[in-house]
Amino acid sequence: MTDARSAVMVATTRHPWGGVVRVGLLGGVVAVYLCLVGIVPTFAERPLISGAISLGHTALAMAAVFSGYLAARRAPAGNVQAVAAGALAGAIAGSALALLVVVGEVVDVRAVMLQASPALYDLLTLGMGLAGFWIPAVAGAVLAGAAAAVSILPSSYRLPLSWGLVAVVVLGLFAGLLRTPMLTGALSGVARFLFASDGLTPVGAVITFVVAIGTNVLQRRVLVRQRIAEMPATRRRALLAPAIVAGLLIVLVLPLSLGGFFAQVIALVALYVLMGFGLNITLGLAGLLDLGFVAFFAVGAYTVGLLTSPGEFGIAQWPFWAAIPFAALIAMAFGAFLGLPILGIRGDYLAIATLGFGEIIRILAGSDLLKQWLGGPRGILNIPKPIDVPPDHFLAGPHQIYYIALACAALVAFVAWRLRDSRLGRAWIAIREDEDVAQALGIDLVQTKLLAYMLGAAFAGLGGGIFSALVGSIVSSSIQLFVSINVVAIIIVGGMGSIPGVVVGAAFLIGVPELFRELSSYRFLFYGIALIAMMRYRPEGLLPSRIVRRELHVPDEVAAPGAPVNGSAAG
Amino acid sequence: MYSRWVERLTDVSISGFLWAFRIVIVLVVVVGSALTLTQGKYSLATWIDLALNGLSLGSIYALIALGYTMVYGILGMINFAHGEIFMAGAFGGYFAAVGLAQAGLLNLNPLTAVLSVVIMIAVAMAVSTTLAVLVERIAYRPLRKAPRLIPLIAAIGASFFLQYTFRGLFGPGIYAYPAVDVLGEAVPLSFIRLRWVDVLVVVSAFVMMAGLYLFVMRTKVGTAIRAVSEDKDIAALMGIDVNRAIVTTFAVGAAMAGAAGVLYALMFRQVFFFSGFIPGIKAFTAAVLGGIGNVPGAMLGGLFLGQAESIGPTLFLDGFGVPSPNQLRDVIAFTMLVLVLVFRPSGILGERVTEHKA
């Protein structure tokens with residue numbers, strides 16, 4: 001204890017600029033990491049503003065901006081000091097990159113570091129090579145200094161500026177996607193003006209920036225939020241109805257106007273939303289961390305494959321609609337079968353045991369043992385589409401899967417929502433909070449957990465069945481651990497037990513990496529960072545349910561010092 | 001009245017199910033072994049080969065399992081990223097080996113070969129220890145008082161972060177480990193087939209495990225670690241630096257994993273970013289088998305798992321006519337994990353760990 005206290009004393013009596021230097025060093029480590037791990041060179045292939053700024057530069061600039069922001073907060077009081085601190089931190093961070101360039105140009109480190117290529121150094125020095133080694137340091141100082149300056153502005157200036165930058169980045173990312181459908185319609189002139197084939201045009205970037213700042217300022221002037229909050233409840237409800245209709249229209253009609261690739265992506269997102277809702281019952285409500293979700297996904301997918309395929313391994317050639325209930329039912333039965341033995345064990349052991357199940361099913365699906373029934377690595381092919389339409393029909397492609405998944409997701413959400421407030425749902429939440437207390441209240445632990453596990457399994461089976469129809473085949477290599485990890489990450493990032501959280505989580509974690517191939521090879525890197533960061537700073541998720549938020553943010557005077565914040569899964 | 005009957009019925013069906021589960025497993029093991037042995041397809045020499053292979057594999061699992069078990073003992077958390085620490089060690093050893101091979105030392109003569117392996121292991125230990133200490137500092141220490149699932153999820157995050165960092169740094173391809181020629185040669189014994197690499201693996205694993213055991217039981221730092229595992233608050237009152245004891249635990253466990261990474265890679269001659277994941281889960285299985293939190297238990301569990309995995313597929317499954325039973329060796333390992341968790345969660349030697357501490 002005395003050690004800890006003296007450490008704090010030392011920290012406070014340290015030189016005031018020590019914190020700034022440390023922020024700079026940290027920023028440098030992050031920047032070098034971004035380069036060497038390949039994020040900067042890979043992202044550099046995607047321009048944000050055509051011909052000017054790439055996503056790779058943006059990633060480095062973001063590192064500088066964060067360093068500047070953090071440095072300004074650690075600087076001694078005073079505006080000049082804050083800006084100087086930002087510039088200093090940025091210069092230090094940039095110097096790390098300069099050092100990387102110098103070392104890399106003098107000694108060839110590519111034998112060890114794959115990404116440390118001349119292309120990377122050109123990127124960092126804007127094409128000047130060794131002679132331009134000072135460029136990252138200067139650029140870092142300028143960017144971080146500017147960020148520090150912005151961070152000490154009053155919020156009426158700071159927020160619009162930040163919004164403008166965010167809008168440019170987001171629109172730059174989506175430019176290619178938005179441009180293609182716009183080119184055919186009446187908006188083709190606008191599209192050509194704003195978007196190049198690979199990002200915003202410079203003019204488009206300026207316009208976006210100005211428009212975003214303008215709307216933000218306007219919104220603050222008109223006090224939209226405050227006015228809505230002041231409205232009587234009846235008028236607020238009247239406003240809500242058109243918003244819901246607009247939302248439904250976007251969800252239902254917009255996909256039709258975008259291309260087949262986009263439809264494929266959102267069909268996948270809808271599928272993961274569906275599975276997320278399923279796991280949300282198991283993990284979000286009952287607190288059972290299931291890392292073997294893919295096992296039930298596989299059961300559902302193979303069930304649909306076997307029952308519908310007219311190919312080699314098909315056994316029934318049923319239509320999709322007759323097969324899909326069986327996918328859910330058989331997955332549920334598997335859930336009961338696998339769940340019964342293991343649900344008595346403690347939370348963290350359960351996670352590893354379910355992980356083991358997932359691996360067992362994965363290996364069995366590809367093994368020679370089951371090859372004569374499941375086709376091994378070659379799998380079951382020719383799974384028919386659920387709705388048989390001519391190829392030019394608007395439901396021909398992945399669109400129909402999108403609507404089916406959406407309808408199923410809505411169904412699952414409804415079930416989960418109604419169950420949450422039922423006797424069973426409250427029993428689940430009680431178990432999640434404290435198993436011992438729940439048992440003392442007369443809740444049968446194994447039975448109640450089993451129901452949650454079986455429901456989660458059923459919805460995973462449903463997801464697997466729809467997946468096999470989406471892809472048109474099921475092969476053993478589709479049964480991978482990352483399916484489980486995707487779903488778990490969606491729920492953790494979105495918020496345990498929260499229904500909107502799952503939608504947001506799936507859109508971010510599935511949709512964004514699928515849309516941007518550059519991002520997709522680093523998706524699990526981001527998942528890892530996201531999981532750690534969420535656990536450290538926001539364990540309740542981005543859009544938490546009310547109960548979870550309350551329990552994870554117990555006011556300090558209520559919680560006994562040193563006691564666990566809550567007892568969930570610690571029973 | 002009615003609901004009580006329903007409850008009684010489900011209780012009966014659950015215990016009945018568990019019994020049926022046990023009976024099926026025992027039947028598979030007994031009948032499968034009997035069938036395989038009576039068919040007489042395999043000679044005694046084959047079985048000895050399998051057992052020796054299992055011994056090498058098992059001693060590596062035991063080395064990795066030590067890290068799981070010590071961290072669980074002191075923090076009560078499953079360090080999911082431990083498999084990646086193992087993989088990082090293998091990568092460290094790889095680059096050391098490439099350097100040594102370029103210097104012409106790796107295969108110059110048996111003496112330099114042995115020295116090279118020692119250097120590779122030292123580099124691997126350094127890499128693994130550094131990473132593990134960083135991970136502890138960044139991802140685990142702030143969550144020490146959170147509910148149990150939260151550090152586990154952070155550990156899963158750390159595991160993916162490390163995997164894909166290595167994928168980014170070194171690419172998705174599989175690196176072929178440089179060959180140390182001496183290790184590939186057979187030991188000149190007439191009655192068994194044995195390569196030097198197996199001898200190296202088993203001997204170094206046992207030396208390291210013995211060293212670790214003495215470290216934990218005999219040194220002052222080891223005593224501090226055991227005291228903190230027993231009760232953090234009391235240990236702090238006794239003047240023990242709790243954070244230091246925890247970091248030391250991570251460092252020591254990671255050093256063992258790093259060494260295991262090199263040994264494993266010398267046996268299987270390859271390493272890539274995902275190569276730590278499956279051995280990691282298996283070593284966790286070994287730790288649970290032996291009784292998690294228990295150092296001798298982890299060693300025993302590792303050796304046991306190695307044998308089960310090496311002999312098991314042939315012995316239990318071949319008799320039933322299962323095609324290519326070796327594909328299913330991981331299934332046997334994971335089934336054992338589930339079985340131990342269900343029927344004897346305290347493991348073989350696990351009576352030391354009680355519920356309140358874990």
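Using the structure shown, decide if A:VAL168 is modelled with pLDDT of 90 or more, of a type outside the set (Asp, Glu) and either part of a helix (DSSP H, G or I) or under 30 Å from A:PHE262 (Cα atoms) (or both).
When the stated conditions are applied, A:VAL168 does not pass them.
Which numbered condition trips up A:ILE510, out of (1) closer than 18 Å to A:VAL487 by Cβ; (2) surrounded by 19 or more Cβ atoms within 10 Å (Cβ to Cβ); (3) within 14 Å of chain B (Cβ to nearest Cβ)?
A:ILE510 satisfies every listed condition except (3).
Look through the stretch A:319-343, keep the residues that are without any contact (Cβ under 8 Å) to a residue 40 or more places away in the chain and away from chain B (no Cβ under 14 Å), and return whichever of them is surrounded by the fewest Cβ atoms within 10 Å (Cβ to Cβ).
Here the answer is A:ALA322.
Among the candidates A:LEU120, A:LEU70, A:LEU88, which residue alone is buried (at least 21 other Cβ atoms within 10 Å of the Cβ) and touching a Cys at 6+ places or on another chain (Cβ under 7 Å)?
After applying the criteria, what remains is A:LEU120.
Right, A:ALA149: farther than 23 Å from A:GLY51 by Cα, surrounded by fewer than 19 Cβ atoms within 10 Å (Cβ to Cβ) and free of Cβ contacts under 8 Å to residues at least 12 places away in the same chain or not?
Judged against the criteria, A:ALA149 is not a match.
Taking A:ALA469, is it away from chain B (no Cβ under 14 Å), at pLDDT 85 or above and farther than 17 Å from A:SER545 by Cβ?
It is true that A:ALA469 is away from chain B (no Cβ under 14 Å), at pLDDT 85 or above and farther than 17 Å from A:SER545 by Cβ.
Among (1) assigned to a helix (DSSP H, G or I); (2) closer than 21 Å to A:GLY456 by Cα; (3) within 14 Å of another protein chain (Cβ to nearest Cβ), where does A:ILE363 come up short?
(2)
What tally of residues in the stretch A:30-79 results from selecting those that are within 14 Å of another protein chain (Cβ to nearest Cβ), in contact (Cβ under 8 Å) with a residue 40 or more places away in the chain and not hydroxyl-bearing (Ser, Thr, Tyr)?
So the count comes out to 11.
Which of the residues belonging to the stretch A:378-398 are crowded, with 21+ Cβ neighbours inside 10 Å and in contact with a Leu (Cβ under 7 Å, 6 or more places away or on another chain)?
If the condition is that a residue be crowded, with 21+ Cβ neighbours inside 10 Å and in contact with a Leu (Cβ under 7 Å, 6 or more places away or on another chain), then A:ILE380, A:PRO398 are the ones that fit.
Being within 22 Å of A:ILE39 (Cβ to Cβ) and either more than 9 Å from every other protein chain (Cβ to nearest Cβ) or within 23 Å of the chain's Cα centre (by Cα) (or both): is that true of B:ARG167 here?
Numbers: within 22 Å of A:ILE39 (Cβ to Cβ): yes; either more than 9 Å from every other protein chain (Cβ to nearest Cβ) or within 23 Å of the chain's Cα centre (by Cα) (or both): yes.
Taking the combined requirement at face value, the residue satisfies it.
Residues in the stretch B:178-193: is at least one of a type in the set (S, T, N, Q) and assigned to a helix (DSSP H, G or I)?
no
Residues checked against (1) under 24 Å from B:ASP330 (Cβ atoms); (2) within 14 Å of chain B (Cβ to nearest Cβ); (3) more than 32 Å from the chain's Cα centre (by Cα):
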{"site": "A:TYR302", "(1), (2), (3)": "yes, no, no"}
{"site": "A:GLY305", "(1), (2), (3)": "yes, no, no"}
{"site": "A:GLN317", "(1), (2), (3)": "no, no, yes"}
{"site": "A:ILE345", "(1), (2), (3)": "yes, yes, no"}
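If you check A:GLY259, A:GLY344, which single one turns out to be at pLDDT below 90 and more than 30 Å from A:ASP434 (Cα to Cα)?
On inspection, the qualifying residue turns out to be A:GLY259.
Can you tell me which condition A:TYR453 does not meet? The list is (1) assigned by TED's automatic domain parsing to the domain that holds A:LEU285; (2) touching a Phe, Trp or Tyr at 6+ places or on another chain (Cβ under 9 Å), and all the others hold.
Result: A:TYR453 passes all but (2).
Report, by residue number, each residue of the stretch B:224-242 that is of a type in the set (A, V, I, L, M) and under 30 Å from the mean Cα position of the chain (by Cα). Even if it seems obvious, please write down each step before you answer.
Of the stretch B:224-242, the ones of a type in the set (A, V, I, L, M) are B:224-225, B:227-228, B:234-238, B:240, B:242.
If the condition is that a residue be of a type in the set (A, V, I, L, M) and under 30 Å from the mean Cα position of the chain (by Cα), then B:ALA224, B:ILE225, B:ALA227, B:VAL228, B:ALA235, B:ILE240, B:VAL242 are the ones that fit.
Under the condition of being charged (D, E, K, R) and surrounded by fewer than 12 Cβ atoms within 10 Å (Cβ to Cβ), which residue from the stretch B:214-248 is farthest from the other protein chains (Cβ to nearest Cβ)?
The selected residue is B:ARG218.
Residues in the stretch A:240-260: is at least one among the aliphatic types (A, V, I, L, M), without any contact (Cβ under 8 Å) to a residue 24 or more places away in the chain, in a helix (DSSP H, G or I) and surrounded by 18 or more Cβ atoms within 10 Å (Cβ to Cβ)?
Checked against the condition, which is being among the aliphatic types (A, V, I, L, M), without any contact (Cβ under 8 Å) to a residue 24 or more places away in the chain, in a helix (DSSP H, G or I) and surrounded by 18 or more Cβ atoms within 10 Å (Cβ to Cβ), the stretch A:240-260 yields no hits at all.
I'd like to check something: does the stretch A:68-82 contain any residue that is among the charged types (D, E, K, R), modelled with pLDDT under 85, assigned by TED's automatic domain parsing to the domain that holds A:LEU126 and within 30 Å of A:SER521 (Cα to Cα)?
The answer is no, given that none of the residues of the stretch A:68-82 is among the charged types (D, E, K, R), modelled with pLDDT under 85, assigned by TED's automatic domain parsing to the domain that holds A:LEU126 and within 30 Å of A:SER521 (Cα to Cα).
Against the definition (among the aliphatic types (A, V, I, L, M), in a helix (DSSP H, G or I) and under 30 Å from A:LYS449 (Cβ atoms)), how does A:LEU291 come out, yes or no?
No; evaluated as a whole, the condition is false for this residue.
Tell me, which residue of the stretch B:129-164 that is within 9 Å of chain A (Cβ to nearest Cβ) and polar (S, T, N, Q) is surrounded by the most Cβ atoms within 10 Å (Cβ to Cβ)?
B:SER159
Could you please give the count of residues in the stretch A:258-284 that are more than 18 Å from A:VAL504 (Cα to Cα) and within 14 Å of chain B (Cβ to nearest Cβ)?
Going through the stretch A:258-284 one residue at a time, the tally reaches 1.
Restricting the search to the stretch A:347-368, which residues are within 24 Å of the chain's Cα centre (by Cα) and under 15 Å from A:TYR453 (Cβ atoms)?
Listed by number, the residues that qualify are A:ALA351, A:THR354, A:LEU355, A:GLY358.
In the stretch A:523-535, which residue that is within 24 Å of A:ALA270 (Cβ to Cβ) and in contact (Cβ under 8 Å) with a residue 40 or more places away in the chain is nearest to the other protein chains (Cβ to nearest Cβ)?
Out of the qualifying residues, it is A:LEU531.
Could you pull out the residue among A:ALA413, A:ALA409, A:ALA405, A:ALA353 that is in contact with a helix residue (DSSP H, G or I) (Cβ under 8 Å, 6 or more places away or on another chain), modelled with pLDDT of 80 or more, on the phi < 0 side of the Ramachandran plot and within 14 Å of chain B (Cβ to nearest Cβ)?
Working: A:ALA413 fails: within 14 Å of chain B (Cβ to nearest Cβ); A:ALA409 fails: within 14 Å of chain B (Cβ to nearest Cβ); A:ALA405 fails: within 14 Å of chain B (Cβ to nearest Cβ).
When all the criteria are applied, what remains is A:ALA353.
Hand me the list of helices (runs of 4 or more DSSP H) wholly inside the stretch B:254-354 holding 1 or more residues that are over 30 Å from B:SER43 (Cβ atoms) and within 14 Å of chain A (Cβ to nearest Cβ).
Where helices (runs of 4 or more DSSP H) fall fully within the stretch B:254-354 and carry at least 1 residues being over 30 Å from B:SER43 (Cβ atoms) and within 14 Å of chain A (Cβ to nearest Cβ), they are B:277-290, B:329-343.
The values are calculated or read from the model by the stated rules, or taken from the named source; none is laboratory data. Given the structure is predicted, the values throughout are model-derived calculations rather than measurements. All Cβ positions, even for glycine, are placed from backbone atoms using ideal geometry, and neighbour counts span all protein chains on display.
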